[in-house]
There are 2 protein chains.
Amino acid sequence: MSPSEDGLPTDYEIAQDVDTDHITEIVEPLGLAADDLELHGDDTAKLTYDAIERLRESDRDDGDVILVTGMTPTPMGEGKTVTTVGLSQAFNQLGENALAAIREPSLGPVFGVKGGAAGGGYSQVLPMEEINLHFTGDLHALTSAHNLISTMLDNHIKQGNELDIAVNRVQWPRAMDMNDRVLRETVVGLGGEVTGVPREDGFILTAASEMMAVLCLADDLADLKERVGRIIVAYDEDGDPVTADDIEATGAVTILLKDALKPNIVQTVEGTPAFVHGGPFANIAHGTNSLIADDAARKLSDYLITEAGFGSDLGAEKFMDVVCRLGDMEPAAVTVVASIRALKYHGKDMWPADLDALDDPDPEAVEGGLENLDAHVENLRGFGVPVVVALNRFPGDTDEEVDVVLDHCREELGIEAAESTVFEEGGVGGTDLAEKLVTAIETNDETFDYLYEADAPIPEKIETIATEIYGAESVSFQSGARDDIERMNDLGFDDVPIVISKTFHSLSDDAEKKGVPTGWELEIQEIYPSAGAGFLVALTSDVLTLPGLPSDPAAADMDIDPDGTVSGLF
Amino acid sequence: MSPSEDGLPTDYEIAQDVDTDHITEIVEPLGLAADDLELHGDDTAKLTYDAIERLRESDRDDGDVILVTGMTPTPMGEGKTVTTVGLSQAFNQLGENALAAIREPSLGPVFGVKGGAAGGGYSQVLPMEEINLHFTGDLHALTSAHNLISTMLDNHIKQGNELDIAVNRVQWPRAMDMNDRVLRETVVGLGGEVTGVPREDGFILTAASEMMAVLCLADDLADLKERVGRIIVAYDEDGDPVTADDIEATGAVTILLKDALKPNIVQTVEGTPAFVHGGPFANIAHGTNSLIADDAARKLSDYLITEAGFGSDLGAEKFMDVVCRLGDMEPAAVTVVASIRALKYHGKDMWPADLDALDDPDPEAVEGGLENLDAHVENLRGFGVPVVVALNRFPGDTDEEVDVVLDHCREELGIEAAESTVFEEGGVGGTDLAEKLVTAIETNDETFDYLYEADAPIPEKIETIATEIYGAESVSFQSGARDDIERMNDLGFDDVPIVISKTFHSLSDDAEKKGVPTGWELEIQEIYPSAGAGFLVALTSDVLTLPGLPSDPAAADMDIDPDGTVSGLF
C-alpha cells in the first residue's frame, strides 16, 4: 500500500512507531524456542530444518487454511496482503491462534511503483524496510542459483559442448531481481572465440524463474536437490532434454539455496507471528508463498491465513490446482478481497486505469462492477470451498457504496460479506470478517475438489481453466504450442498440473477488458515444462517476464538521511 | 586454500570441528556489547553505526596497522589470507590484542577453482561456508545497487532521454557476482521500441564495480551517498559527464547499501575476532577490505592485521597510495608472504603454471626465484615501512629450501624473515613472525610516504608506478588513453590517485613473464574516472573484469547431503 494522503500516518511512520518484541518472544507462545531459530537481527529469524522436521512429525492437527484472494484488481492492488495480515491479527484479537503466511517482495517492483509489499497501515509485517529490500537474502540466493545454471550451461557449450546442446534451443534464460527491460532480449557471447559461443538470450525477473517455483514447492533439502536436478535447461541436437543434472549444476545450485529454503518468521504491527517466504508472481508462476512455510505454519496455528497473488483466475486457481495438489493441502475457506475502487474501475469499464477518476462516490459504477466480483466468487465456489467477501474499505468510500456490495453478496450471491478496516484499525477492523469465516468453515458441507484431473489431456486441462475460470469461449493453440504439446506428451509431462501465464488486468487475456469479458478466445503461444517444479507453463500473450520501470520510477523519489531514515520507499 | 591431500583434515573438517563461541562473547573483551551488534545467526554480526561512531569519537589510540602482501603468486595463491588470519591469532597467543581484517569472497571464483577465500587449515575465519557463499549479503546488495543504476540509466534513455545521454558513451556496465564470461560483451535493448534503445553493453564482476570501491572507501552513510551521487555513468552528446545524481539514482542506490556498509565481524578458529568486509579485486580495483572496518578495528585493537590482494605491485601499492591516502592511515609494518612453491615457479620461469611440477625439492629453483621476492621487498621499503618476509611453509618444503630464503633475506636484504606454519598449527605457527614484526615496528626509524604526489600530472603518476613498482622501462599511451587524459584534466580529475589495472601473474603486464621482467613497456589502453571512489583507473591489456569458469569448474564437484553437509566447496 502507498503512503497515506488523508492525514493518516504513512506506513513507514506506523512501522517506526511500533515497539517490536524480540522475535524469540514472538514465537515462544507457538512452542518455538530460541534454538529453533536462526536470527537475522532482532526482528527476523529463519526456522531451522530441525524445527520444521519436529513440527512435521508432531501429531498436532493441522490448522485450517484460509486463502485470501481478490477480484480483478486495479494496477494499485486492492489490499490483499493488508487483508491477509489484518485477518491474522483479527483472529488473535478474538483469542484464536492464527498465523499469516505471505510472499517475499521482489526488488523489481519496489523501484517501479511506489508502495511496499509487506501490507500497510496497521496491518503490515515488520521490519517492513528490510522485508521490502534485501530481507534475509532469499531472492538474491535464487538469482545466484538461477544464474549459476546459465553460467555452467554456456561454459559447457564453450568447453566443447560434449552434451551436444543446441545453442538455439536453450530453455534457461538468465535472471535478475530488477525491472530492467532492456535485458528482455539480448545477444550474449560476443567478442570472439575466448568469450564463448554467441547466442540470443534474455533475462527474466527472479520471481518468474522456475527456481522460485522449485523453492516454493520443495519439502526439504533432499527434495529441493531432486527438483533442481530435474530442471530442463536446454534440448540437444536430437531434441532430447538436457537437465541441470546433466550439466553437473545440481549440487552447487542446491548449496546456494540451502538457507533460502528455511522459512522466514517476522511479526505484524500487533505482534502476530507471520511467515514471509518465497515470492513467485501469480501471472507468470504459481503465485503463493512456500509450501514449507505453510507446512510449518499449519502445525503452529489453528488458522493459517495465506495469500495468493492477483485475482481468483490467477493465484487462487493455481493455489487450488497446483499448490494444494502438489502439497497435499486444502483450504478450509476463501475470502475474496473487493474494493469500491476496483468495482468502480470495472463498472466504468476503464482502460487504462485512471485512479483519480475513481475517487468520487458513484454507487452506480459500483453496482456495474459487481459482475466481476461475482465471477470470482463463482470461480472459487466451484472448488467446493466456502467463500466470504472482504470489502477492504478505504477512507473515502461511502456507506451507500459499501451497502451496495454487502447487500448484493448476501441477497444475490447468498454468501457472507464483511467490511474490513484493518488498514486503518489493525486487527479489530477485521474481526467481523474473521467471525464470518469461522462460521463459514463450521457450517460448510461441501467438499474441496480440484478443477481438473492431473492426467487429463493437456489441451483439455487448459480449456477447462480457460472456459470455467477465465470465461473464455474457446482456446486456440498456435502451431508452436501444438508442437510443444506433442513434445510434452512424448516426454511424459502429460499428467501434471498447468500454470497458465496470463495478464492480471482482466479475467480475459486482454488487459483492456474489464468486468466479465465474454465471447473471446484464449490463445496459447507456447507450452514448456517446469520439470523441477512439477507443472507445465502455458504462455498467453501480453505477459512480461521482465517488467520495466515507469517514466517516473519510485526509485527517483527515494532518499536516505545520514541517520538511516529512508523516504520515498513507502 | 584447498582441501589437504596429505592426511591433514580438510578446511571444512577443521571448521566443523571448532566449537565456536557466540559472537557477542567473542567481541565482549574488545569492549563491544550485544547492543553494538546486529546478529546474523550466532557466529556473525554487523557492527552498528552507533558503535562505529562511538569508536571514532573515543580518544583511544589507533592500533598499529600491519599489512600482509605477497610476492607474485602462482595461480593458487601463496596463503596471504591464511597468514593474515594466522598472524592475528599469533599476536593473541603472545598476549597481545590483535584483530584481522580481510575481504569478503566473491561468488564468482568460488564456483571456478576449488578453494575458499576465508583462510584455511587452522588459520581460517568462521563460519567459512557462509562467508564463502552469501554471507551477510553485502555482495548481493552491491550487485543490486550497481544494476539499479544501469536500469535507471537505460530507462532514462528509453523514456525520452532528457539528459541527451549518448548511447554509445555509456560508461556504466551491468554487474554480476558470477564468472559468466558470455556476459562480457552483449547487446541489450533488442526486441523493438517497447524494450528500449538497443546498445552494446557488458557485465563486470561485482568485485570489479566502482560500487565496491565506493563502499570500501566510504566513511559513513552520508559519505556513501555523496560518493554514489558523484559516479559518472555516461557522457552526453556534448561530452559532459552524466552522474548517478543526474539520473536520480543516488537515494535508492544508497538505500540498497545501507546495511552493506556496516562491517561484518566473525571469529577465527582460535576465537580471534575478525572483520570481513568489502572485497574489491586488486588487479582491477584497489584490492583491500573496507576503510570503515579498518577504522573500527584500529580502535578496538593494538595490532590490526590487514591484507591487500595479490603482490606488492597490485594490492599493496594501492593500499599505500590510494587507501592510506584517502583514509588518512599508514601502515606500521608490512609482511610479504613468500612460498617455496612460488619461488620455484619464478626460478623455473614457468608459464603456464604446472603446480605438480613444483612439488619436488629444488633449492636451486628457489634461489632462482628470489629476485621476484627481492623486487617486492624493495617496492615496499620504498614506502618507508619496515618489511618482514613471511615464508608460508607447506608440508613438502625442505629445510634446505627454507634456509635458502631465510638466509637470503637476512644476509642479502638485511631484513628479518620468519617461517610461518599457521595453516597447520594455527597461531602458534606464527609467533616468530609476530615477534619479528613487533621488533621491526619498535626499531623503525623511517617515515612512511606515498610513492607519488596526488597532484602530479596523470602521465607522471602512471610512469612512477610503472617504472618504480612494476619495473617497466617506459610507458606508452594508446591514442584513446591520451584523449582520456585530456578529458580527465578538463574534468578536474588531475589531482587524484591512480589505480592501474594489471595482470597479477607477473610484475610486468605480460602474464607469461616470471621473475623480474626488464626492458619492457607498459601500454595504457584507457583511463577513466572512478569519481565516486575518488581515483582514476588506468587499464592495461590482459585484465578480465569478468572471468570465466574453467573446463572442469569446481561447481561441478560440489554436493550437499540431505542433512546440509556440503562437499567440494573447500
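From the backbone phi of region B:390-395, what are the Karplus-calculated ³J(HN,Hα) couplings (6.51 cos²θ - 1.76 cosθ + 1.60, θ = phi - 60°) in whole Hz, Gly and Pro given as x?
10, 8, 6, 7, 9, x
Read phi for every residue in region B:550-560 and hand back ³J(HN,Hα) as whole Hz from Karplus 6.51 cos²θ - 1.76 cosθ + 1.60, θ = phi - 60°, with x for Gly and Pro.
In residue order, the calculated couplings are x, 5, 10, x, 3, 4, 5, 9, 8, 8, 9 Hz.
Give the percent of DSSP beta bridges with both residues in the protein assembly as shown that are antiparallel, rounded to the nearest 5.
Antiparallel bridges: around 45 percent, rounded to the nearest 5.
Rolling a 1.4 Å sphere over the protein heavy atoms, what is the accessible area per residue of the protein assembly as shown, to the nearest Å²?
On the way: 37610 Å² over 1140 residues.
I get 33 Å² per residue for this part.
Explain nothing, just compute: Karplus ³J(HN,Hα) = 6.51 cos²θ - 1.76 cosθ + 1.60, θ = phi - 60°, for every residue of region B:9-17 in order, whole Hz, x for Gly and Pro.
With coefficients 6.51, -1.76 and 1.60, one gets x, 6, 3, 5, 5, 4, 4, 5, 7 Hz.
Taking the DSSP beta bridges in chain A as the whole, what percent of them are antiparallel, to the nearest 5? Provide the component values of the computation, followed by the final result.
Values: 29 of 67 bridges.
Here the share of antiparallel DSSP bridges comes out near 45 percent.
Quick one: with all protein chains in place, what share of the accessible area of region A:138-259 is carbon or sulfur, to the nearest percent (1.4 Å probe)?
Result for region A:138-259: 41 percent of the exposed heavy-atom area is carbon or sulfur.
For residue B:531, which sequence-distant residues (separation of 5 or more, or a different chain) have an amide H within less than 5 Å of its own amide H, given hydrogens modelled in the peptide plane?
Under 5 Å from the amide H of residue B:531 lie the amide H atoms of B:232, each far enough along the sequence or on another chain.
Rounded to the nearest 20 debye, what is the charge dipole size of region A:458-539 about its Cα centre when +1 sits on each Lys and Arg Cβ and -1 on each Asp and Glu Cβ?
300
Sort shortest first the distances from residue A:13 to its counterpart in every other copy, using label points 7 Å along the Cα-to-beta-carbon line, and give them in nm.
In ascending order, 6.2 nm.
Out of the chymotrypsin sites (Phe, Trp or Tyr not before Pro) in region A:315-414, which ones are loop residues according to DSSP with at most 12 other C-beta atoms within 10 Å?
none
Counting only C-alpha contacts under 8 Å and six or more residues apart, can you give the relative contact order of chain B as a whole percent?
20
Starting from the alpha-carbon convex hull of region B:350-426, give the projected area averaged over all orientations, in nm².
That works out to 6.0 nm², a quarter of the Cα hull's surface.
Can you tell me how region B:138-259 classifies by the Cα gyration tensor, rounded, prolate or oblate, using a/c under 1.5 as the rounded cut?
Cα axes put region B:138-259 in the oblate bin.
Rounded to the nearest 5, what % of the DSSP beta bridges within region B:298-419 are antiparallel ones?
0
Label position 7 Å from Cα toward Cβ: report the copy-to-copy distances for residue A:56 in nm, one decimal, ordered from shortest.
4.8
Send over the Kirkwood Rh of the protein assembly as shown, from the inverse of the averaged 1/r over different Cα pairs, rounded to one decimal Å.
After inverting the pairwise mean of 1/r, the radius is 30.8 Å.
What is the Cα centroid distance between region A:116-176 and region B:208-284, reported in whole angstrom?
Measuring centre to centre over Cα atoms gives 23 Å.
Between Rg and the Kirkwood Rh of region B:458-539, both from Cα atoms, what is the Rg to Rh ratio?
0.98
Roughly how many Å is it from the Cα centre of region B:434-505 to that of region A:534-563, as a whole number?
Computed from Cα coordinates, the inter-centre distance equals 43 Å.
Could you tell me which residue out of B:222, B:306, B:278 lies farthest along the dipole of chain B toward its positive end? Charges go on the beta carbon: Lys and Arg +1, Asp and Glu -1, centred on the Cα centre.
Ranked along the dipole, the leading option is B:222.
Tell me the relative contact order for region A:138-259 as a rounded percent, counting alpha carbon contacts under 8 Å between residues six or more apart. Write down the numbers at each step before the final one.
Working: 180 pairs, mean separation 39.9, N = 122.
Answer for region A:138-259 is 33 percent.
If you average 1/r over all unlike Cα pairs in chain B and invert the result, what Kirkwood radius do you get in angstrom?
Answer for chain B: a Kirkwood hydrodynamic radius of 23.9 Å.
Measuring nothing but label to label, 7 Å from Cα along Cα→Cβ, what are residue B:487's distances to the other copies in nm, shortest first?
Going from nearest to farthest copy, the values are 4.5 nm.
Rounded, prolate or oblate: pick one for region A:162-234, where a ≥ b ≥ c are the square roots of the eigenvalues of its C-alpha gyration tensor, a/c under 1.5 means rounded, and failing that, prolate if a/b is larger than b/c, else oblate.
It comes out oblate by the Cα gyration axes.
What's the buried accessible area, both sides, between A and B using a 1.4 Å probe, rounded to 100 Å²?
Chains A and B together bury roughly 5600 Å² of accessible area.
Name the residue farthest towards the positive end of the dipole of chain B from the options B:157, B:231, B:256, assuming +1 on Cβ of Lys and Arg, -1 on Cβ of Asp and Glu, about the Cα centre.
Farthest towards the positive end: B:157.
Evaluate the charge dipole of the protein assembly as shown about its Cα centre and quote only its size in Debye, nearest 20, assuming +1 on the Cβ of each Lys and Arg and -1 on the Cβ of each Asp and Glu.
Approximately 1260 debye in magnitude.
Apply the a/c threshold of 1.5 to the C-alpha gyration tensor of region B:1-83 and tell me whether it is rounded, prolate or oblate.
Note, shape of region B:1-83 comes out oblate.
Quote to one decimal, in nm, the extra length available between residue B:97 and residue B:490 on full extension: 0.36 nm per residue of separation minus the C-alpha distance between them.
Here the answer is 136.7 nm.
In debye, nearest 20, what is the charge dipole magnitude of region B:138-259 about its Cα centre with +1 on Lys and Arg Cβ and -1 on Asp and Glu Cβ, if you could check?
So the magnitude is around 420 debye.
The values are calculated or read from the model by the stated rules, or taken from the named source; none is laboratory data. Everything quoted here is computed from the prediction, not taken from an experiment. So basically every Cβ, Gly included, is an ideal-geometry build from the backbone, and we count neighbours across all protein chains shown. Note: areas computed on protein heavy atoms with side chains; ligands, DNA, RNA excluded. Shrake-Rupley method; radii C 1.70, N 1.55, O 1.52, S 1.80 Å.
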